[in-house]
Every structure is written in C-alpha cells, then in structure tokens.
Amino acid sequence: MCGIVGYAGGRDVVPVLLNGLKKLEYRGYDSAGLAIVAGGRLEVKKTKGRLGALCSLMEGRKAPGAVGIGHTRWATHGEPSFENSHPHTNCAGDIAVVHNGIIENYQKLKKWLQQEGVVFVSETDTEVVAHLINRFYEGDLLAAVKAAVSHIEGSYALGVVSEKHPDMIVAAKKDSPLVIGAGRGENLIASDIPAILEYTRDVLFLEDREVAVITRNAVSIFDEYGMPAEREAYHVDWDAAQAEKGGYEHFMIKEIHEEPRAMADTLMSRCRDGMIDLSDIGIDEALVRDISKVGIVACGTAYHAGMVGKYIIEKLARIPVEADIASEFRYRDPLIVPGQLMIIISQSGETADTLAAMREAKKRGAKIAAIVNVVGSTIAREADAVLYTHAGPEIAVASTKAYNTQLMAIYMIALELGRLSGHLDTADYQRYVQGLNRIPALMNTVLQTKDQISRFASQQFSQSSVFFIGRGLDYVLSMEASLKLKEISYVHSEAYAAGELKHGTIALIEDGTLVVATAMQRSLFDKTVSNIKEVKARGARVLAVCFEGSDMPADIADEVIRLPETDDIFAPLLAVTPMQLFAYYMTVEKGFDVDKPRNLAKSVTVE
Ligand code: G6P
C-alpha cells in the first residue's frame, strides 16, 4: 500500500515530511525513507523498520527551504530491507522516486533496462521507474516522468525529485490515491489528506493518468495528452485534531468512543423530520419500479456491513440481495441483471479489489451507489452516486467507527427500499426510523460496558482460540467480531452460525474454550440458548451478549453483557461495539500494537 508525501516551501522540509509520514503510517510501516534536494544536491536517507528509526536517522538534520519526498512502505516486491526501501534512485543518484501501487510490467521493463546497462540494487518494481525517468530525461523532468509513466502498466502514485530541478516535485497518478495540498507559499503532495492538514485545508485531487508539477508557489496539472487541466480545490472541513489521539492511549479506542457521534452525523446527513431522503443517490420510486436485484460488494469489515445489508434489505424490502467479497466477485463472471443496483462499500474508497469489482459491475450495466467515508476517493468519484458516511478520519488499521457508520448507511438504504417498494407501511417505516434515530444515544450506554469487557479480557487473553456464535443477524455480527479479534490480537477465532456448530466445529470445543454467544434475535433466543447449552456441556467458558431484559439462564453464561433494548433488526448496530472493545482489550493485555497490527494495512491499494 505505502504512503507518500512531498513538500515544496519555505519550512524545514525534514519535520514536514516526517510528520506527514506519521499520519500515513496506517498505509504501511515496514520501512521508511526521505529524499531531499538541498544546496543543489540530492540526499536520500532510508531505513528498514518503523518510522521511529528514520526519525532517529534524521536527528539534527535541518533543510529549510528544500524540496523533498518521503515514503512509508508496505512490502509487495521484496522483503522489508534497506535496499528495497523507498526512495529509489537512478544509477547516478540524481533522481529519486517514491511510489505507491504496483508496476505490473516491471519485469519486462527491468530486463530491457538491464540490457541497456542499468544495474539494479533492489527487488522492487518501483526501482524501474527511477531508471525509466533517467532513460527519458533530456533536460525536462516533467517530460521524462510523462514518458516513463506511458510505459508503465499497473497502478502508481509517484513523487519524483531531481537535483537538476531543485525547486520542483513531479507527481503522477493512476489507480492509487494522490492529493495535492495547496498552501500559501508552500505546496504538498500526499497519499491522504491527514498528512497535509497541518499546512493547508485546500486540497486538489489528481485524476488518473494526470501528472503535476509542484513548486513552492505553483501547482500545474496536465492531463494524459499534456494539456493543462483545471482543478477546483476541495476545502477540508474536518479538523487536524480529529486525526490525532486526543488523550486516548490508542486511535482504536478513541475511534470506538467516536461511534455515537459518527453514527448520528451519518444519519443526520440524510434524515429530517422522521424521513430519510436518498433521492439524490438514485434511491427513488423510479429505481424501485425497475429493481430486480441488489448486489453488494466490499472487502474485510466493509463486506460484513454488506452481509448485514443482505439480511435487512431482504427483510424490509423483499428484494433479493447478493453480497460478495470483491476479490471473488470480479473474477466469477458475475451475473448482472437489468435493473440491478450495486452497492459498493469502502471506508477508504481506494481498496483495489473493491474498485475493480465496481468497474466490472459498471461495465456490465449495473447502477452503482457507493457507501464511502473518504471524500473525493476514487470509488466515490467513479460511482454513479455516493452516500458518504461521516466517520471522520479513521487511523487505526482495524476499522471500528467506519463500520458502524457503514451499517447506518445500509439501514437507511434498506428502510428507503422498504418504503418505496411498499413492503413497509407508513407506521412500520416511522417506527423503524425512530428506532434508528435512538441508536446513537443508546451507544453511549453501550460504551459503559467497557470496564466489564476489559475485566473479562484480562482473565481471557491467554486463550488460543475463540468461537463466536449467533443466529441470523447475530451470526453476521459474529463474523465481524471474529475478524476484529483475529486482526489485532492474533488469537485464532471463528464465527459460526450457532445452529451449524453441531455439524462439525463443536468437535473443537473443550474444557475452557471461550465461546462468545450473541443472542439478540428475540425470535431465535431459545434456539441460541440451546446452542449455548451444547457448548457449555462440553466445558466451554461462555461470554453471552443479549438485551437487558433477556432471560439468559444464570448457569450457562460465565459473563453476560446486557445491552439496551431496541428492535431485533438493529442489534448489530449496538452489539458490534462490545465486540470491538473485547478485541481491543484482549490486544492491550497481550501487549501488541493495537493500531498497527502485523502484516495488515488500512488501505489495500494492491490486488
Ligand atoms: C483492509 C483493512 C480492513 C478493511 C478492508 C476494506 O483489509 O485492513 O480493515 O476492512 O481493507 O477497506 P475499505 O477501505 O475498502 O473499507
């Protein structure tokens, strides 16, 4: 995935780049590096390991008024090492490149360049870019970058500096995110907005196949034909502080505490006087008249929001829904029928598999509505319509508040489809909308379970395996609960439909095995309780999650988390937070890096 940043202005470039990289560490953190052009010389400093190692390396180095680029890496080609760290340079060491993305034809290009005498020092795909630029350089860096990218297949966001052009950064983009920060007497580039927010709130989005020249006083953008491209600035209205920890020990726990606000903001952006309005994203009478099927595509946590969508859209609107993992959907020759609506869910709006799946669905004639958190991201720009979630910046790799807001968005869509299709009468619609409006306030009560959960986690953190069980929406919730625990605590876990357990998995339950059982579907309560009894009889330790008033038998659960009463269909909105807290406290107890789990990255812009 990787994060890139670049700066041209009067400040000391070193702290600007290091601060920017700090905000981008969620994109990868196995090595980091900088290239600075100061006093007519290009200087490259890079190191394996976290950003702290680069900060130590740069200690005492000041470079006011210099231009520079920086990179934080998530390895794709070649192990994390000094040689494979970015920036990469040409043989003469006077051109430096940082890159996010994957150069798919790099082997072919590498072979060609080697035949021309180029000696490669890394295993990366990126290094070919530095040598290609050098190959095409005839005194004009912009022209050389343009020529180089015209030979590249794959995805890239690039920042390029050269000691022959000490005032400029050349940037280029295709299928990987890149924003330009337009400041006063200073301009920046970055993979994501938080990296530049300290310096400017005016952001320009570079489009695919565009290149840009960034100097201290100007930003010039050119389209793929070399023509100047006009770009309006987008003014960022959220605060830099929102991307900081704000007194919490980790971003993840801070972001969990932001859930009530994030969910309320998402709802309020579309709901007035007891009515939801999604007509501007094409969810209206005309759509419902022709609709035959809904498809939902996403990855990871966002896919689990999609699974909730399948259950509730089918229940409230009686429209068939298929939910797919994006990396599967794109290659399974999917069947798109006339009148199909595709809902694409992505926090970042940049996930490569999700983006490709969306393009595939679009090509096959589906109408695309995207649920996205990051404004101006690629999926948001390419979708026919966008329903933005209002989670604000999410920094912890494991998604929490963004998931809750994705659920909010999905519930709004389901209710609207239900109303418009006539399957929900006015009284039921109003009752559900009121219920949804009460959720953010109830979430404050849900957050009060954190001491109980933290205590329980302190007794359970040495478990080597955890099973999450539930029925109906509780099963879908269990899938997300299990993913969260795996992602950050590295504890093996599985989510199982409670009724399916006896068909195999129950063989794994032994004395002391932890089973987290959610029983928030009232109509299925007794059946879930029977399943809990089955595991209890085989020695399991049970953490049960249910509504306040539920009649959970005292002898089957070792710990019971009771949540405020709401309609069964809203259970996932309330119950996911205790699960996130459980994963969080288990990880804290184990002493792992909560916000940056091993091998993962927040925004996966590679296939
Ligand atoms: C990565 C992250 C997950 C996330 C998934 C989808 O795998 O580690 O936390 O759920 O991507 O991300 P998106 O930005 O598309 O929601």
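Here are the numbers for the structure shown:
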{"read-out": "Debye log10 I(q)/I(0) for the chain, one point scatterer per Cα, at q = 0.10 Å⁻¹", "value": "-0.88"}
{"read-out": "Overall form of segment 448-590 per C-alpha gyration tensor (a/c, 1.5; a/b vs b/c)", "value": "rounded"}
{"read-out": "Amide H contacts of SER31 (H built 1.01 Å from N, under 5 Å, at least 5 apart or other chain)", "value": "GLY49, ARG73"}
{"read-out": "Centroid-to-centroid separation of segment 253-277 and segment 168-208 [C-alpha atoms, Å]", "value": "29"}
{"read-out": "DSSP H segments from the chain that extend 20 Å or more along their own axis, Cα-based, with Kyte-Doolittle mean of -1.0 or above", "value": "300-317, 401-421, 426-447, 473-489, 571-590"}
{"read-out": "Exceeding the 29 Å Cα-Cα cut-off - candidates LYS293/LYS527; LYS527/LYS590; LYS450/LYS602; LYS502/LYS602; LYS293/LYS533", "value": "LYS293/LYS527; LYS527/LYS590; LYS502/LYS602; LYS293/LYS533"}
{"read-out": "Gyration tensor (alpha-carbon) shape descriptor, segment 533-600, a/c threshold 1.5", "value": "oblate"}
{"read-out": "Dipole magnitude of segment 251-424, debye to nearest 20 (Cβ charges: Lys/Arg +1, Asp/Glu -1, about Cα centre)", "value": "260"}
{"read-out": "Built amide H within the under 5 Å cut-off of PHE468, gap 5+", "value": "GLU494, ALA495, TYR496, VAL516"}
{"read-out": "Local electrostatic count at VAL67 - Lys and Arg +1, Asp and Glu -1, tallied over other residues with Cβ under 13 Å", "value": "-1"}
{"read-out": "Unsatisfied cross-links (Cα-Cα over 22 Å) in the set LYS46/LYS174; LYS401/LYS486; LYS310/LYS362; LYS174/LYS310", "value": "LYS46/LYS174; LYS174/LYS310"}
{"read-out": "Separation of alpha-carbon centers, segment 313-334 and segment 278-303, rounded to whole Å", "value": "11"}
{"read-out": "Rounded Å value of the spacing that divides the Cα centres of segment 33-76 and segment 344-368", "value": "35"}
{"read-out": "Peptides 2-9, 310-317, 426-433 ordered by average Cβ neighbours within 10 Å, highest first", "value": "2-9, 310-317, 426-433"}
{"read-out": "Of LYS22/LYS164; LYS245/LYS484; LYS23/LYS245, pairs whose Cα-Cα distance is over 18 Å", "value": "LYS22/LYS164; LYS245/LYS484"}
{"read-out": "Spin-label pair LYS363/GLU138, simplified geometry with 7 Å Cα→Cβ offset, distance in nm", "value": "3.6"}
{"read-out": "Helix-only [θ]222 nm of the chain, DSSP H runs n ≥ 4, -39500 (n - 2.57) each, per residue, nearest 500", "value": "-11000 deg cm²/dmol"}
{"read-out": "Normalised convex hull volume, segment 251-424, alpha-carbon set, Å³ per residue", "value": "98"}
{"read-out": "Assigned charges on the beta-carbon of Lys, Arg, Asp, Glu; the chain dipole about Cα centre (debye)", "value": "580"}
{"read-out": "Rotationally averaged projected area of segment 3-237 (alpha carbon convex hull; nm²)", "value": "11.2"}
{"read-out": "Candidate aspartates and glutamates for bridging to LYS367, where Cα separation is under 12 Å - those fewer than 8 sequence places away on the same chain excluded", "value": "ASP290, GLU382, ASP384"}
{"read-out": "For segment 512-524, 3J(HN,Hα) per residue [Karplus equation, 6.51 cos²θ - 1.76 cosθ + 1.60, θ = phi - 60°, Hz, x = Gly/Pro]", "value": "x, 4, 8, 10, 9, 10, 9, 10, 10, 9, 4, 5, 10"}
{"read-out": "Global geometry of segment 427-475, whether rounded, prolate or oblate, following the gyration tensor of its Cα atoms and the 1.5 cut on a/c", "value": "oblate"}
{"read-out": "Quotient of C-alpha Rg and 2.2 N^0.38 Å, computed over segment 294-392", "value": "0.96"}
{"read-out": "Of SER81, GLY52, GLY10, farthest towards positive along the dipole that unit charges on Lys, Arg, Asp, Glu beta carbons give segment 1-104", "value": "GLY10"}
{"read-out": "Student exercise, segment 448-590 dipole from Lys, Arg, Asp, Glu Cβ charges, in Debye to nearest 20", "value": "240"}
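Each value in this text was obtained by applying a stated rule to the coordinates, not by laboratory testing. Please read these numbers as outputs of a predicted model, since none were measured by experiment. Note that each Cβ is placed from the backbone with ideal geometry, even for glycine, and that neighbours are counted across all protein chains shown.
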